[in-house]
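Student: Starting off with a structure, shown below.
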Amino acid sequence: MKFAAVVSTLLLAGSALAAPNTAKRQEAHRRRAEGKSSKPVQYVKNEDGSIKTGMNSNDTFVSYSTNWAGAVLIGTGYTSVTGTFTVPTPSTAGSGASWVGIDGDTCGTAILQTGIDWTKSGSSVTYDVWYEWYPDYSYDFSGISISAGDTVKATVTATSKTGGTAVVENVTTGKTVTHTFSGESSEGDLCEYNAEWIVEAYEENGSQVSLANFGTETFSSASAVKSGTSVGPSGATIIDMQTSSGTTVVTCTDTSSSVKCVYV
């Protein structure tokens, strides 16, 4: 989800020093200062280095991760991913994110992703709508707001290994925002090996956030484009989230057109 490195603030004197991407740089500084960052999936490993797997409470064969929960299609030629979900109402303090993306599992050089995050502190809940080309930091979309219970549709499309689009629509309000990526090779090239629908416990200031109890998050109308053909998440690798001590906190299942994740 969110990649951010702490940077020092450079104060510029005079409007003559302004550049067309000043606003983008200022936003970058703000996002970096927040200390939010994302990593590719961090699988739980057995003593022999293999990925820990098992059966969850839904009798689903799963792999375990400490930061991701959801479904990942693994192969080649994935160029688009979409899913529709409801903005959650977290019931405990903490944070989390829901997003769709390309790569980040068997390809860790880049992730094209977009979605939402949430933070509950006391009685206050805040939400962001964002886009990212990992390992670059993320940006919040402007001109769109979301509230608990809103229906959101998120879509990413790779037009090349170094470019693409991120689109988020608040179906409830009818507002849609789009960001176009181009020439991202300096950040990292996509492999187009993975398509995913993910709930994430991201990092903030170098530590993984405490995942808020989000209840249930279901990605409906979930599909991906693989080598020009639309496919659903059925048959994807299912990932359940576990703590470092081995306690399962999120379990997930899939169908031909949906991915459902439940906070335990």
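Student: Just one of 108, 143, 164, 104 is assigned to a loop (DSSP other than H, G, I, E, B) and farther than 19 Å from residue 202 by Cα; which is it? Before the answer, list the steps.
Tutor: Details: 108 fails: farther than 19 Å from residue 202 by Cα; 164 fails: assigned to a loop (DSSP other than H, G, I, E, B); 104 fails: farther than 19 Å from residue 202 by Cα.
After ruling out the rest, the residue left standing is 143.
Let's see how each residue does on (1) under 29 Å from residue 256 (Cα atoms); (2) out of contact with any Leu (no Cβ under 6 Å at 6 or more places or on another chain):
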| site | (1), (2) |
| --- | --- |
| 134 | yes, yes |
| 142 | no, yes |
| 159 | yes, yes |
| 174 | yes, yes |
| 185 | no, yes |
| 188 | no, yes |
| 191 | yes, yes |
| 201 | yes, no |
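Student: Right, something else. Answer yes if at least one residue in the range 246-261 is in contact with a Pro (Cβ under 8 Å, 6 or more places away or on another chain) and crowded, with 23+ Cβ neighbours inside 10 Å, and no otherwise.
Tutor: Applying the first criterion (in contact with a Pro (Cβ under 8 Å, 6 or more places away or on another chain)) to the range 246-261 yields 254-259.
Retained after the next criterion (residues that are crowded, with 23+ Cβ neighbours inside 10 Å): 254, 259.
Looking for residues that are in contact with a Pro (Cβ under 8 Å, 6 or more places away or on another chain) and crowded, with 23+ Cβ neighbours inside 10 Å, one finds at least one in the range 246-261, hence yes.
Student: Here is a follow-up. Regarding residue 118, is this residue more than 27 Å from residue 161 (Cα to Cα), surrounded by 19 or more Cβ atoms within 10 Å (Cβ to Cβ), among the aromatic types (Phe, Trp, Tyr) and in contact (Cβ under 8 Å) with a residue 60 or more places away in the chain? Before you say what the answer is, go through the steps one by one.
Tutor: Working: more than 27 Å from residue 161 (Cα to Cα): yes; surrounded by 19 or more Cβ atoms within 10 Å (Cβ to Cβ): yes; among the aromatic types (Phe, Trp, Tyr): yes; in contact (Cβ under 8 Å) with a residue 60 or more places away in the chain: yes.
Yes; evaluated as a whole, the condition is true for this residue.
Student: Now, a different point. Kindly evaluate residue 89 against the criterion of being under 30 Å from residue 142 (Cβ atoms), among the β-branched types (Val, Ile, Thr) and assigned to a strand (DSSP E or B). Break it down into steps so the answer makes sense when it comes.
Tutor: Details: under 30 Å from residue 142 (Cβ atoms): yes; among the β-branched types (Val, Ile, Thr): yes; assigned to a strand (DSSP E or B): no.
Judged against the criteria, residue 89 is not a match.
Every residue, every condition in (1) out of contact with any Pro (no Cβ under 8 Å at 6 or more places or on another chain); (2) touching a residue at least 60 places away in the same chain (Cβ under 8 Å), yes or no:
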site	(1), (2)
163	yes, no
172	yes, no
178	yes, no
182	yes, no
188	no, yes
191	yes, yes
197	no, yes
204	yes, yes
213	no, yes
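Student: Give the residue that is surrounded by the fewest Cβ atoms within 10 Å (Cβ to Cβ), with candidates limited to residues of the range 167-189 that are hydrophobic (A, V, I, L, M, F, W, C) and part of a strand (DSSP E or B). Lay out the reasoning, then the answer.
Tutor: Just the residues of the range 167-189 that are hydrophobic (A, V, I, L, M, F, W, C), to begin with: 167-168, 171, 177, 181.
If we keep only those that are part of a strand (DSSP E or B) as well, we get 167-168, 177, 181.
Numbers: 167: 18, 168: 25, 177: 16, 181: 22.
Among those that are hydrophobic (A, V, I, L, M, F, W, C) and part of a strand (DSSP E or B), it is 177.
Residues are listed down the side, and each one gets a yes or a no for (1) closer than 17 Å to residue 86 by Cα; (2) modelled with pLDDT of 95 or more:
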{"site": "203", "(1), (2)": "no, no"}
{"site": "222", "(1), (2)": "yes, yes"}
{"site": "243", "(1), (2)": "no, no"}
{"site": "248", "(1), (2)": "no, yes"}
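The values are calculated or read from the model by the stated rules, or taken from the named source; none is laboratory data. As the structure is a prediction and not an experimental result, all values here were calculated from the model. Neighbour counts are summed over all protein chains in view; Cβ atoms, including those assigned to glycine, are modelled from backbone coordinates with ideal geometry.
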